[in-house]
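Engineer: I'd like to ask you about the structure that follows.
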Amino acid sequence: MAQRKGKTIFLKSKPRIIANAGVAGKKEGEGPLGCEFDEIFEDTTMGQDCWEKAETELVKSAIETAISKSALQKSEIDAVFAGDLLNQCIGSSFAMREICTPFVGLYGACSTMALSLCMASLALETGGFDNCIAATSSHFCS
């Protein structure tokens with residue numbers, strides 16, 4: 001199990017990242033990191049009728065891309081730790097309705113990505129989980 005020394009937690013299982021994915025809108029794709037994204041949506045609404053649904057598409061696309069790049073099947077994912085800045089983590093929770101994997105909704109404002117990585121790592125450390133996803137989304141208009 002993990003050891004705690006001061007404020008640092010050392011994980012004995014040494015969880016690792018086996019795949020990652022990043023998706024973005026047109027504006028982000030035009031920036032200096034544009035070549036780093038797996039997918040760039042040209043339409044800021046991603047074909048949806050509101051910003052919240054657009055953010056749902058962003059997070060769903062990122063999660064599905066990461067699963068595809070990992071060579072795992074959806075059924076092999078034990079849990080998704082995800083969040084966003086919308087009320088009740090609406091973008092993340094709606095994306096998970098279609099992905100059909102156990103979901104732990106997180107809200108840490110600007111620290112949500114670090115929080116999701118930490119929580120997924122600790123879940124893996126327990127030995128009760130083999131594969132987890134850590135995800136965060138943010139749409140500039142939502």
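Engineer: Less than 13 Å apart at the alpha-carbon level, and either on another chain or at least 8 residues along: which aspartates and glutamates does that give for residue 74?
Structural biologist: Cα-Cα hits under 13 Å: 64, 98, 130.
Engineer: With every protein chain left in place, what is the accessible area per residue of segment 1-118 in square angstrom, probe 1.4 Å?
Structural biologist: Details: 7300 Å² over 118 residues.
Value for segment 1-118: 62 Å² per residue.
Engineer: Could I ask something else about it? Cα axis of helix 112-125 to longest principal axis of the chain: angle in degrees, 0 to 90, nearest 10?
Structural biologist: With both axes taken from Cα atoms, the answer is about 40 degrees.
Engineer: Determine, for each peptide in 10-22, 96-108, the mean count of other beta carbons within 10 angstrom over its residues, then list the peptides with the highest first. Kindly include the intermediate steps, with their values, before the conclusion.
Structural biologist: Working: 10-22: 12.1, 96-108: 15.5.
By packing density, highest mean first, the sequence is 96-108, 10-22.
Engineer: Helix-only estimate, please: 222 nm mean residue ellipticity of the chain, summing -39500 (n - 2.57) across DSSP H runs of length 4 or more and dividing by its residues, to the nearest 500. Intermediate values should be presented prior to the final figure.
Structural biologist: On the way: 4 runs with 48 residues, N = 142.
It comes out at -10500 deg cm²/dmol, rounded to the nearest 500.
Engineer: Roughly what angle does helix 51-70 make with the longest principal axis of the chain, taking Cα atoms, 0 to 90 degrees, to the nearest 10?
Structural biologist: Value to nearest ten degrees: 50.
Engineer: Leaving ligands, DNA and RNA out of it, report the carbon-plus-sulfur percent of the accessible area of the chain at a 1.4 Å probe.
Structural biologist: Details: 4570 of 8460 Å².
After summing per-atom areas, the C and S share lands at 54 percent.
Engineer: Answer with one residue from 113, 19, 6: the one whose Cα lies farthest towards the positive end of the charge dipole of the chain, charges on Cβ with Lys, Arg +1 and Asp, Glu -1.
Structural biologist: Ranked along the dipole, the leading option is 6.
Engineer: Sort 141, 89 from largest to smallest accessible area, using a 1.4 Å probe on the heavy atoms of the protein chains. Spell out each step's value before the answer.
Structural biologist: Numbers: 141 50, 89 15 Å².
Listed by decreasing accessible area, they come as 141, 89.
Engineer: Report, ordered by chain and residue number, the lysines lying within cross-link reach of residue 26, taken as a straight Cα distance under 19 Å and ignoring same-chain residues fewer than 8 apart.
Structural biologist: 53, 60
Engineer: Still on this structure, please answer the following. Set the Förster radius R0 to 25 Å, insert the Cβ-Cβ distance between residue 107 and residue 78 as r into 1/(1 + (r/R0)^6), and round the FRET efficiency to 0.05. Let's see the in-between values first.
Structural biologist: Details: r = 21 Å, r/R0 = 0.85.
Computed FRET efficiency for residue 107 and residue 78: 0.75.
Engineer: Taking the Cα centre of the chain as origin, work out the dipole magnitude from +1 charges on Lys and Arg Cβ and -1 charges on Asp and Glu Cβ, in debye rounded to 20. Each step should come with its number before you reach the end.
Structural biologist: Values: 13 positive and 18 negative charges, 186 e Å.
So the magnitude is around 900 debye.
Engineer: OK, next. Straight-line reach from residue 5: which lysines have Cα under 26 Å away, leaving out those fewer than 8 places along the same chain?
Structural biologist: Residue 5 reaches 14.
The values are calculated or read from the model by the stated rules, or taken from the named source; none is laboratory data. Just so you know, these numbers come straight off a predicted model, no measurement behind them. Here Cβ is always computed from backbone atoms with ideal geometry, including for glycine, and neighbour counts include all displayed protein chains. Each accessible area value is taken on the protein alone, full model and side chains, heavy atoms only, with ligands, DNA and RNA left out. Shrake-Rupley method; radii C 1.70, N 1.55, O 1.52, S 1.80 Å.
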